[in-house]
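The values are calculated or read from the model by the stated rules, or taken from the named source; none is laboratory data. Source: prediction; values computed, not measured. Here the Cβ is made from the backbone with ideal geometry for all residues, glycine too, and neighbour counts use every protein chain on show. In case anyone asks, the SASA skips ligands and DNA or RNA and just uses the protein heavy atoms, side chains included. Shrake-Rupley method; radii C 1.70, N 1.55, O 1.52, S 1.80 Å.
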Amino acid sequence: MEVAIVKYNAGNIFSVISALKRQGVEPELTDDAERLAKADCVIFPGQGNARTTMDNLRRSRLDEVIRSLTQPVLGICVGQQLLCRHSEEGDTDCIGVFPVDVKRFRPDSLEQKIPAMGWNALYDLSSPLMHGLSADDYVYFVHSYYAPVCPFTIAKADYIQPYSASLHKDNFWATQFHPEKSGKVGEQIISNFLTLAR
Amino acid sequence: MANRGLAKRIVPCLDVKDGQTVKGTNFVNLRQAGDPVELGKAYSDAGADELVFLDITASLEGRRTFTDMVTKVASEINIPFTVGGGIHELSDVDRLLYAGADKISLNSAAIKTPSLIDEIAAKYGSQVCVCAIDARLDDRGWYCYMNGGHTPTDLPLFEWAHEVADRGAGEILFTSMNHDGVKQGFALEALARLAEDVPVPIIASGGAGKKEHFRDVFTLGHADAALAASVFHFGEINIRELKKYLRNEGVNVRL
């Protein structure tokens, strides 16, 4: 099975690669449109600033390549945000797979710190991506921006308000959290995603 | 039923020297405790939320060994981990993040070169930058120490904590030298003040001896995470049992 990871200078992907290797998959890191198109599934990671990472994608026209993919695609963290329509971070137009706009968390007390960093419980789970999980399984998040709850939400988490921990539309899945850093629950999600592509 | 919102984190800390974990009592008398990767895996399986590896090796050779260990840990462990020790400049940060670390922890280097915090935050984001602060309460109040607690400074704890947060540190790892190794509980008053004053998460360190200390550090000290070493390494506290206890006490923890 061929798993491609989109290469576009968006942070440390060592953990994503390691997580796939632990599932017996040897991923290919590539920015080549043809190789991405012919992979069985594509992982679209992301860390850092939405504006900077989106600019990186546009420069190499990878935004169009990603939008046109037809096999299962998994966006992770900023990857999820970039698959949305727009991000408040740097007032950035994004890839637009999910017709929803990414907002910045607005804390209403000192207890609510930004970035939201740590383990949070998932609930209202649907979609095969969440197969085998129980409501209130915890996953690991690091983020200051979020996608609101919308018709494409397949898992919610609460921080300041409920938001989309995970999204799904057609062949596109995405998680705001880091499955590669989310212990056994994260491993289950990665395994579920690979199953979607088999 | 889990609580909603971010869970309080339990963080075992592993001091690493020449590829082996050790733990000091009051910063001296190092004791041998095990293999970092094996120990890290065991902690991850036991329900630790995060791991901290501190390199206490001084030599260049030891530094290479530590970087190799970071890569091994990152390959085999599926929870976040922070590395610290021996970080003097941005190139050290680059090296450790490329080796697979999720976050790096600065201590003396931040005091010697505060702009290093700004540089790390600008290059990688605040979330990778943990600022460790060792402080001791004496007649003058709380003051910061450098070099593993050996060198006193004139920096007041609360001012310094503010400054590192302003410069872009994403978390503060506060160790009370008065409480470290004594196992009589965390520095609750100082922690509560930090939690109230400083707009970034606080990791409490120093003083864990029994389960009640962890409850208190979250409910009274308002810490976001609690770090400990020997009580975990020597099996005095089992992490899974600790988290069940905390859940029963009304603390939001990941089970």
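Tell me the residue from A:PRO128, A:PRO151 that is over 13 Å from the mean Cα position of the chain (by Cα), under 17 Å from A:ILE76 (Cα atoms) and more than 9 Å from every other protein chain (Cβ to nearest Cβ), please.
The conditions single out A:PRO128.
A:GLY46 passes all but one of (1) under 26 Å from B:GLU76 (Cβ atoms); (2) open to solvent by 10 Å² or more (accessible area, probe 1.4 Å); (3) within 14 Å of another protein chain (Cβ to nearest Cβ); which number fails?
A:GLY46 satisfies all of (1) under 26 Å from B:GLU76 (Cβ atoms); (2) open to solvent by 10 Å² or more (accessible area, probe 1.4 Å); (3) within 14 Å of another protein chain (Cβ to nearest Cβ) except (2).
When the residues of segment B:237-255 are filtered to those that are away from chain A (no Cβ under 14 Å) and under 19 Å from the mean Cα position of the chain (by Cα), which remaining residue is most open to solvent (accessible area, probe 1.4 Å)?
Step by step, filter segment B:237-255, then rank; the result is B:ASN238.
List the pairs whose first member sits in segment B:68-93 and is open to solvent by 20 Å² or more (accessible area, probe 1.4 Å), whose second member is part of a loop (DSSP other than H, G, I, E, B) and β-branched (Val, Ile, Thr), and whose Cβ atoms are under 6 Å apart, counting only residues at least 6 apart or on separate chains?
As it stands, the answer is B:GLY85/B:ILE56, since those pairs meet every condition given.
Within segment B:165-197, how many residues turn out to be surrounded by fewer than 21 Cβ atoms within 10 Å (Cβ to Cβ), part of a loop (DSSP other than H, G, I, E, B) and within 14 Å of chain A (Cβ to nearest Cβ)?
1
Cβ-Cβ below 9 Å, separation at least six or inter-chain, first residue in segment A:118-134 and within 21 Å of A:GLN161 (Cα to Cα) and of a type in the set (Ser, Thr, Tyr), second open to solvent by 60 Å² or more (accessible area, probe 1.4 Å) and part of a strand (DSSP E or B): which pairs?
Close Cβ pairs (under 9 Å, with a partner that is open to solvent by 60 Å² or more (accessible area, probe 1.4 Å) and part of a strand (DSSP E or B)) amount to A:TYR123/A:PRO162.
Could we say that B:LEU51 is modelled with pLDDT of 75 or more, open to solvent by less than 10 Å² (accessible area, probe 1.4 Å), within 14 Å of chain A (Cβ to nearest Cβ) and within 14 Å of the chain's Cα centre (by Cα) here?
yes
So A:CYS77 passes all but one of these: (1) within 14 Å of another protein chain (Cβ to nearest Cβ); (2) open to solvent by 10 Å² or more (accessible area, probe 1.4 Å). Which condition number does it fail?
Unmet for A:CYS77, out of (1) within 14 Å of another protein chain (Cβ to nearest Cβ); (2) open to solvent by 10 Å² or more (accessible area, probe 1.4 Å): (2).
So A:PRO99 ticks every box in (1) more than 9 Å from chain B (Cβ to nearest Cβ); (2) within 29 Å of B:GLY170 (Cα to Cα) but one. Which box is left unticked?
It is condition (2) that A:PRO99 fails.
Restricting attention to segment A:131-148, and to residues there that are open to solvent by less than 50 Å² (accessible area, probe 1.4 Å) and in a loop (DSSP other than H, G, I, E, B), which single residue is nearest to the other protein chains (Cβ to nearest Cβ)?
Here the residue is A:ASP136.
Among the residues of segment B:110-137, how many are small (Gly, Ala, Ser) and at pLDDT below 95?
Total satisfying the criteria: 4.
When the residues of segment A:182-192 are narrowed to those that are open to solvent by 10 Å² or more (accessible area, probe 1.4 Å) and more than 13 Å from the chain's Cα centre (by Cα), which ends up farthest from A:THR70 (Cα to Cα)?
Per the stated criteria, the residue is A:LYS184.
Where residues in segment B:216-255 are in a loop (DSSP other than H, G, I, E, B) and acidic (Asp, Glu), which of them is farthest from B:SER176 (Cα to Cα)?
Going through the qualifying residues, I end up with B:GLU249.
Among the numbered conditions (1) away from chain B (no Cβ under 14 Å); (2) within 29 Å of B:THR82 (Cα to Cα); (3) basic (Lys, Arg), tell me where A:ARG22 comes up short.
(1)
Checking B:VAL200 against (1) under 22 Å from B:ARG9 (Cα atoms); (2) modelled with pLDDT of 95 or more: exactly one of these is not met. Which one?
Unmet for B:VAL200, out of (1) under 22 Å from B:ARG9 (Cα atoms); (2) modelled with pLDDT of 95 or more: (2).
What number goes with the only condition from (1) of a type outside the set (S, T, N, Q); (2) modelled with pLDDT of 95 or more; (3) closer than 23 Å to A:CYS150 by Cβ that A:GLU2 does not pass?
Of the numbered conditions (1) of a type outside the set (S, T, N, Q); (2) modelled with pLDDT of 95 or more; (3) closer than 23 Å to A:CYS150 by Cβ, the odd one out for A:GLU2 is (3).
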